[in-house]
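Written out below as structure tokens is the structure these notes cover.
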Amino acid sequence: MTTPAPSRATASVASILRESAERFSDEVAVVVGPERVTYAELWAQTKAYAGALRAKGVTEGTRVAMLVPNVADFPRVYYAILSLGAVAVPIHALLKQHEIEYVLRDSGSTMLVCAAPLLAEGASGAGLAGVDVVTVLAPPDLATGFDRLEALAEAAEPIDTYVPRDPFDTATILYTSGTTGQPKGAEGCHFSLIEQANVLLLSTFEMKAGDKVLGALPLFHTFGQTCTMNVAFRAGATVVMVPKFTGDAALQVMADEGCDIFMGVPTMYMALLDAATRSEARPTLKYAISGGAALPLAVMDRFREVYGADIHEGYGLTETSPVACFNHVGVAPHPGTIGTPVWGVDVEVADQNVEDAIVLMPPGSIGEIVVRGHNIMNGYLNRPDDTAKAIVDGWFRTGDLGTKGDDGYLTIVDRTKDMIIRNGYNVYPRQVEEVLAAHTAVAMAAVFGVPHETHGQEIEAAVVLRPGAEATPDELIDFVKDEIAAYKYPRVVHLVDALPLGPSGKVLKRELVAKFAPAHA
């Protein structure tokens, strides 16, 4: 048997920016407040940053971590790292020093590029990990004790162009949120990330040069990094960045800058609806995109009424680069579904109880969503056992429960681990949340299970009311009780000021369980 020849093809995610810098040189790539950076300027600045990093010893395969918010320095640093054939390790901007230390050690990063406002935690974490720090955004007269990348770039020779890589070389290591156990580093290759941008641009979204996309999703997260930044730059569109998201700020920026497209997670849509009660400003949106978690139908309907735009819901994970399914733009969305698989990707439902093989189930069955295609990660860094459990028979096991209809549209039922079993009956929190979201007083709701001696688990809900609205827990319980089976409604409703959110905007149900479960102990 002959050994296959090594790949002769080359690829680099950095080509996304370089090509657009040549094709759309004078178009604005990034807007941050009053700052406007054209594609030609952004690529020139990126090459200068890359020259500085090269002088510091960064080369092919070097892992470079970055702790940078949604400002123009994020793409400069990101593409500079990738241009050198190095591996970008973006870190969640909300992590604390020990969490940062963990990512730096686990990824094998040799350097941290840290924004000055994040140095308190970033430099502390780097110190614990013994990793060199270079800053961005530090004023020249601020003595941080670290080299400023801006100054290094002025003194260094810029690179000419990017270093070509094997298509399956690792480009990024993105850390999963770690809802169970320690976060794992998902290795994304150049081919998967480039192909994701191409597929989303060609046959999933509708985006072109001149479009303006609100960049409110955190760029350290796969949704913002790929769907907003890489796709917009591939198209020659403009990314209007919002360094810190609030509904009021996002609404004003979209209206002022004339944004055409909004991408967000459900909590962002709820914040925009809230902001609309205080402002007459309205952007002229062509459409909006939601992912990251299930979007309640009531929110989708209200958004269409208030903002005059359809929300196209999709689905994906860090491990799938991220988009696997989508309600494709240009086709009327099927509300309540995550759409159909994107081009070149298979998404099916498998028996979640069979661990060592993929057993596909017939249409209409509830099972685990599994994905295969060009978008699958290389694996979890230094975790062969976890990789082997996650990728079985060539399929990635998502851990999400869903169904697939005869028409090919998929619906997420819930996370496997979020499912509540009460008296032996399966209760899917998302269904209960949909009912709560339909109540006129409810802004946000999260349903979760807590341990119970008699029932195994009991159903509870945490609810944030809309500004000025009033409702008692008993009223909300009765409202849900009238809509769904008796074993499904929440027995306890907690009225809270806010839900605990992760860095990407997902509700952290484990924190709600930890907060409210002790009452049952």
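From the set of residues in region 503-512 that are farther than 15 Å from Pro429 by Cβ and crowded, with 18+ Cβ neighbours inside 10 Å, which is modelled with the lowest pLDDT?
The extreme case among them is Ser504.
Suppose we keep only residues that are of a type in the set (S, T, N, Q) and assigned to a helix (DSSP H, G or I) within region 89-117. Which one would you say is farthest from Asp147 (Cα to Cα)?
Among residues in region 89-117 that are of a type in the set (S, T, N, Q) and assigned to a helix (DSSP H, G or I), the one farthest from Asp147 (Cα to Cα) is Ser107.
On the given criteria, is Val64 on the phi < 0 side of the Ramachandran plot and assigned to a strand (DSSP E or B)?
When the stated conditions are applied, Val64 passes them.
Of everything in region 125-160, what is of a type in the set (S, T, N, Q) and over 19 Å from Arg63 (Cα atoms)? Give them in sequence order.
Thr144
Quick one: count up the residues across region 279-322 that are in a loop (DSSP other than H, G, I, E, B) and either more than 26 Å from Val447 (Cβ to Cβ) or at pLDDT 95 or above (or both).
The number of residues fulfilling the criteria is 13.
Looking at region 57-72 only, could you name the residues that are among the charged types (D, E, K, R) and either touching a helix residue (DSSP H, G or I) at 6+ places or on another chain (Cβ under 8 Å) or modelled with pLDDT under 95 (or both)?
Arg63
Considering only region 275-296, how many residues are more than 10 Å from Leu251 (Cβ to Cβ) and hydrophobic (A, V, I, L, M, F, W, C)?
Of the residues in region 275-296, 6 are more than 10 Å from Leu251 (Cβ to Cβ) and hydrophobic (A, V, I, L, M, F, W, C).
From the list Thr110, Thr176, Thr161, exactly one residue is touching a Lys or Arg at 6+ places or on another chain (Cβ under 7 Å) and at pLDDT below 95. Which is it?
From the options Thr110, Thr176, Thr161, the qualifying one is Thr176.
Quick one: how many residues across region 10-53 are in contact with an Asp or Glu (Cβ under 8 Å, 6 or more places away or on another chain) and either closer than 20 Å to Thr135 by Cβ or loosely packed, with under 11 Cβ neighbours inside 10 Å (or both)?
Here the count works out to 3.
Looking only at strands (runs of 3 or more DSSP E) that lie completely in region 368-445, which have at least 3 residues being of a type outside the set (A, V, I, L, M, F, W, C), surrounded by 16 or more Cβ atoms within 10 Å (Cβ to Cβ) and modelled with pLDDT of 95 or more?
395-404
I'd like the residue in region 74-98 that is in contact with an Asp or Glu (Cβ under 9 Å, 6 or more places away or on another chain) and modelled with pLDDT of 95 or more and, out of all such residues, is farthest from Thr176 (Cα to Cα).
Checked region 74-98; the qualifying residue farthest from Thr176 (Cα to Cα) is Leu84.
Whether any residue in region 356-365 is in a strand (DSSP E or B) and farther than 30 Å from Gly108 by Cβ is what I want to check.
yes
Take Gly125 and decide whether it is small (Gly, Ala, Ser) and within 30 Å of Thr284 (Cα to Cα).
No, not satisfied.
I'm trying to understand the selection: among the residues of region 32-58, which are of a type outside the set (Lys, Arg) and free of Cβ contacts under 8 Å to residues at least 24 places away in the same chain?
If the condition is that a residue be of a type outside the set (Lys, Arg) and free of Cβ contacts under 8 Å to residues at least 24 places away in the same chain, then Gly33, Pro34, Thr38, Ala40, Glu41 are the ones that fit.
This table checks each residue for (1) touching a residue at least 40 places away in the same chain (Cβ under 8 Å); (2) out of contact with any Gly (no Cβ under 9 Å at 6 or more places or on another chain); (3) farther than 30 Å from Lys509 by Cα; (4) surrounded by fewer than 19 Cβ atoms within 10 Å (Cβ to Cβ).
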site: Pro90; (1), (2), (3), (4): yes, yes, no, no
site: Val103; (1), (2), (3), (4): yes, no, no, no
site: Ala116; (1), (2), (3), (4): no, yes, yes, yes
site: Leu119; (1), (2), (3), (4): no, yes, no, no
site: Ala151; (1), (2), (3), (4): no, yes, yes, yes
site: Ile159; (1), (2), (3), (4): yes, no, yes, no
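When you check Ala332 against the structure, is it of a type in the set (Gly, Ala, Ser), out of contact with any strand residue (DSSP E or B) (no Cβ under 8 Å at 6 or more places or on another chain) and at pLDDT below 95, yes or no?
It is true that Ala332 is of a type in the set (Gly, Ala, Ser), out of contact with any strand residue (DSSP E or B) (no Cβ under 8 Å at 6 or more places or on another chain) and at pLDDT below 95.
Mind listing whichever residues of region 242-253 are of a type in the set (A, V, I, L, M, F, W, C) and either over 18 Å from Glu305 (Cα atoms) or under 20 Å from the mean Cα position of the chain (by Cα) (or both)?
If the condition is that a residue be of a type in the set (A, V, I, L, M, F, W, C) and either over 18 Å from Glu305 (Cα atoms) or under 20 Å from the mean Cα position of the chain (by Cα) (or both), then Val242, Phe245, Ala249, Ala250, Val253 are the ones that fit.
Filtering region 477-502 down to residues that are β-branched (Val, Ile, Thr) and over 22 Å from Met270 (Cα atoms), which residue is modelled with the lowest pLDDT?
Out of the qualifying residues, it is Ile484.
Can you find, within region 204-251, the residue that is surrounded by the fewest Cβ atoms within 10 Å (Cβ to Cβ) among those that are in contact with a Pro (Cβ under 9 Å, 6 or more places away or on another chain) and among the aromatic types (Phe, Trp, Tyr)?
If we take residues in region 204-251 being in contact with a Pro (Cβ under 9 Å, 6 or more places away or on another chain) and among the aromatic types (Phe, Trp, Tyr), then Phe245 is surrounded by the fewest Cβ atoms within 10 Å (Cβ to Cβ).
Looking only at residues that are acidic (Asp, Glu) and either free of Cβ contacts under 8 Å to residues at least 12 places away in the same chain or in a strand (DSSP E or B) (or both) in region 476-497, which one is nearest to Ala461 (Cα to Cα)?
Among those residues, the one meeting the criterion is Asp478.
Report, by residue number, each residue of region 261-286 that is touching a strand residue (DSSP E or B) at 6+ places or on another chain (Cβ under 8 Å) and surrounded by fewer than 18 Cβ atoms within 10 Å (Cβ to Cβ).
Answer for region 261-286, where residues must be touching a strand residue (DSSP E or B) at 6+ places or on another chain (Cβ under 8 Å) and surrounded by fewer than 18 Cβ atoms within 10 Å (Cβ to Cβ): just Lys286.
So which of Cys259, Cys325 is of a type outside the set (Gly, Ala, Ser) and in a strand (DSSP E or B)?
Selected residue: Cys325, the only one of Cys259, Cys325 that is of a type outside the set (Gly, Ala, Ser) and in a strand (DSSP E or B).
The values are calculated or read from the model by the stated rules, or taken from the named source; none is laboratory data. Bear in mind the structure is a predicted one, so any value in this text is a computation, not a measurement. Note that each Cβ is placed from the backbone with ideal geometry, even for glycine, and that neighbours are counted across all protein chains shown.
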